[in-house]
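Structure, as structure tokens:
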Amino acid sequence: MSANIAELERRRAAAHMGGGEQRIAAQHAKGKLTARERLDVLLDEGSFEELDMYVEHNAVDFGMAGQTVPGDGVVTGSGTINGRLVYVYSQDFTVFGGSLSERHAQKICKIMDRAMKAGVPIIGINDSGGARIQEGVASLAGYTEVFQRNVLASGVVPQLSLIMGPCAGGAVYSPAMTDFIFMVKDSSYMFVTGPEVVKTVTNEEVTQEELGGAVVHTTKTSVADCAFENDIEALLAARDFISLLPSDNRSGVPELPTEDPWDRLEDSLDTLVPASANQPYDMHELVRKVLDEGEFFEIAPNHAANIICGFGRVEGRTVGVVANQPMVLAGVLDINASRKAARFVRFCDAFEIPIVTFVDVPGFLPGTAQEHGGIIKHGAKLLFAYAEATVPKITVITRKAYGGAYCVMASSHLRGDLNYAWPTAEIAVMGAKGAVEIIFRSEKDDPDKIAARTKEYEDRFANPFVAASKGFIDEVIYPHSTRRRIALGLRKLRNKQLENPWKKHDNLPL
Ligand code: HXC
């Protein structure tokens with residue numbers, strides 16, 4: 001071996017050792033993989049091509065002059081996931097706690113710039129003590145350069161953040177501006193100020209997990225979308241997830257071969273909706289029976305579960321699914337559900353992913369908590385998102401579509417392309433009981449009259465045919481044929497062309 005090659009190997013081996021054996025052992029002892037092990041799981045075998053392995057920090061203060069580690073605490077480069085190119089960075093907690101220096105930030109910016117040029121997703125694996133304390137403002141500048149790129153990349157290439165360790169202080173704002181965040185239970189956390197500062201300022205005693213762990217962020221705050229038991233589970237899920245997404249906003253959805261017949265009939269759907277209007281059923285059953293091989297990648301399953309959002313495929317091509325869930329809060333639209341679905345719809349629209357919407361919604365949730373929490377503005381987000389979306393939109397009303405919620409849930413009036421209803425659909429301003437209480441208030445003390453009026457209202461409106469007679473519903477379909485109808489619809493809409501008026505950007509009700 002020539003001396004040159006030997007030197008190259010020595011340098012590579014030094015970079016691969018990161019912060020050294022002891023720190024790698026400490027990382028493993030916490031149940032965490034190292035930065036490079038994570039990339040091995042995330043990317044196709046042998047596909048990773050590293051950049052900037054020999055980059056070192058340029059700090060001299062606080063004894064840093066003599067302390068350099070090749071790579072400077074972040075492994076960056078490109079690789080493939082199921083054969084499709086992605087750019088990645090993976091912070092190395094064994095090197096200065098994965099903290100972000102000026103050079104560390106430059107490495108991240110480089111792969112972001114390259115991903116933008118190539119039009120491919122950016123995946124960030126975060127495991128960092130935050131700003132490199134010895135570097136001061138240089139580190140803050142580095143973070144801000146990353147933030148700026150997150151914003152420019154938004155809506156151009158998909159951005160996925162995997163939080164696999166600490167992510168605190170201003171550092172949280174880079175993942176927060178990406179499209180999706182996955183976290184690992186018990187070993188990752190995100191907060192703006194940690195438990196010690198919280199104790200000093202508000203006197204609250206709280207653990208890291210309670211303050212900003214995976215469970216908190218995927219149930220309460222909705223900062224993160226999915227929580228996983230360990231690194232490997234999260235990384236494998238990220239592979240499946242990225243495989244569903246287009247590479248960028250112009251490339252169109254990926255297409256995979258499928259054995260699942262496009263015209264598969266599902267007789268069980270004919271009895272999915274129970275006879276009683278107040279009885280729930282699991283909307284997941286419909287979602288899975290429509291999608292190829294019943295596979296559905298759900299986003300934020302544990303937050304605002306009254307609305308289901310996620311990705312699947314029809315005829316091998318990705319679709320975004322939004323569905324009211326009668327099993328949770330009767331499928332009502334509230335603040336959290338509106339925000340969750342609005343963001344999802346906007347993601348689909350930005351990346352040309354067709355949206356399939358299943359509707360069973362009794363309306364917006366009443367109450368002071370909702371009104372004072374700003375349901376008007378939050379509900380408007382979902383309305384706005386559906387209204388501005390130009391991707392193919394197919395809607396199926398299975399049961400209730402009442403009031404404003406009928407309008408919002410991808411109705412034909414919001415440029416829905418195909419609006420179907422099942423025979424069990426009830427499309428009205430409100431449920432019969434509430435309607436009768438208002439329009440026949442004078443008869444309220446006569447239960448027989450009220451019962452007769454309720455029956456009259458139900459007979460008149462608790463069906464899809466009034467809306468169909470006005471052309472608001474294109475067709476009343478057999479539930480068992482739903483997949484077939486959606487597949488045919490998506491074929492017809494494949495070359496859909498629709499543009500919104502020119503504008504710098506809209507003014508979404510934030
Ligand atoms: C430099 C750091 C560091 C940092 C950790 N290390 N954080 N070095 N800058 N920010 C180093 C430690 O010195 C240690 O080095 C090694 O990483 C591992 O850290 P430990 O403390 O031993 O690990 P652990 O006990 O697991 O604790 C992890 C931790 C803690 C909770 C993240 O290290 C910590 O609190 N770090 C400081 C966090 C912080 O305040 N960061 C700045 C936030 S403000 P050795 O050599 O011993 O292995 C911020 C602003 C961003 O980020 C603003 C953007 C606009």
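Bear in mind these aren't lab numbers, they're just calculated from the coordinates by the rules spelled out. Not measured: the values here are computed from a predicted model. Here the Cβ positions follow ideal geometry from the backbone for every residue, glycine too, while neighbour counts run over all protein chains shown.
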Figure the gain on full extension for Leu256 and Phe62 (residue separation times 0.36 nm, minus the Cα-Cα span) and round it to one decimal in nm. 64.5 nm
Could you tell me which of rounded, prolate or oblate describes segment 356-441, using a ≥ b ≥ c as the square roots of the eigenvalues of the alpha-carbon gyration tensor, with rounded for a/c under 1.5 and, failing that, prolate when a/b is larger than b/c and oblate otherwise? oblate
A correct Kirkwood calculation over the Cα atoms of segment 443-503 returns a hydrodynamic radius in Å of 15.6
Using the alpha-carbon centroid of each, what span in Å lies between segment 232-309 and segment 14-74? 38
Cα-based Rg of segment 46-134 normalised by 2.2 N^0.38 Å, two decimals: 1.11
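Let me make sure I get this right: for segment 155-299, a, b and c are the square roots of the gyration tensor eigenvalues over alpha carbons, sorted descending. Under 1.5 in a/c it's rounded, otherwise prolate if a/b > b/c, else oblate. Which is it? All intermediate terms of the calculation are to be shown ahead of the outcome.
Values: a/c = 2.93, a/b = 1.66, b/c = 1.77.
Since a/c reaches 1.5 but b/c is at least a/b, the shape of segment 155-299 is classed as oblate.
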Average silhouette area of the chain, convex hull of alpha-carbon atoms, in square nanometres: 28.9
FRET efficiency for Leu236 and Phe465 from the Cβ-Cβ distance with R0 = 60 Å, rounded to 0.05, comes out at 0.80
Sticking with the crude label model, points 7 Å out along Cα→Cβ, report the distance from Glu209 to Ala25 in nm, one decimal please. 2.6
Zero-based 10 Å bins, Cα pair distances in segment 17-171, whole percents: 12, 43, 36, 9, 0
Can you check what the net charge comes to around Ala238, using other residues whose Cβ is under 12 Å from the Cβ of Ala238 (Lys, Arg +1; Asp, Glu -1)? -2
Can you give the FRET efficiency for Lys496 and Asp282, using 1/(1 + (r/R0)^6), R0 = 41 Å, r = Cβ-Cβ distance, to the nearest 0.05? 0.85
Would you please name the trypsin sites (Lys or Arg not before Pro) within segment 1-89 that are DSSP coil residues with at most 15 other C-beta atoms within 10 Å of their C-beta? Lys30
Expressed in Å to one decimal, the Kirkwood Rh of segment 217-300 from all distinct alpha-carbon pairs is 16.1
Between segment 436-460 and segment 349-396, what is the separation of their alpha carbon centroids in Å? 31
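Restricting to DSSP loop positions (anything but H, G, I, E, B) with no more than 15 other Cβ atoms inside 10 Å of their own Cβ, which chymotrypsin sites (Phe, Trp or Tyr not before Pro) remain in segment 411-510?
Working: sites: Tyr420, Phe440, Tyr457, Phe461, Phe465, Phe472, Trp502; in loops: Phe440, Phe472, Trp502.
Sparse-neighbourhood loop chymotrypsin sites (Phe, Trp or Tyr not before Pro): Trp502.
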Loop-resident sites, segment 43-72, for GluC sites (Glu not before Pro), counting at most 11 other Cβ within 10 Å (DSSP): Glu45
For Val201 and Tyr478 in one chain, what is 0.36 nm times their gap in residues minus the Cα-Cα distance, to one decimal in nm? 93.7 nm
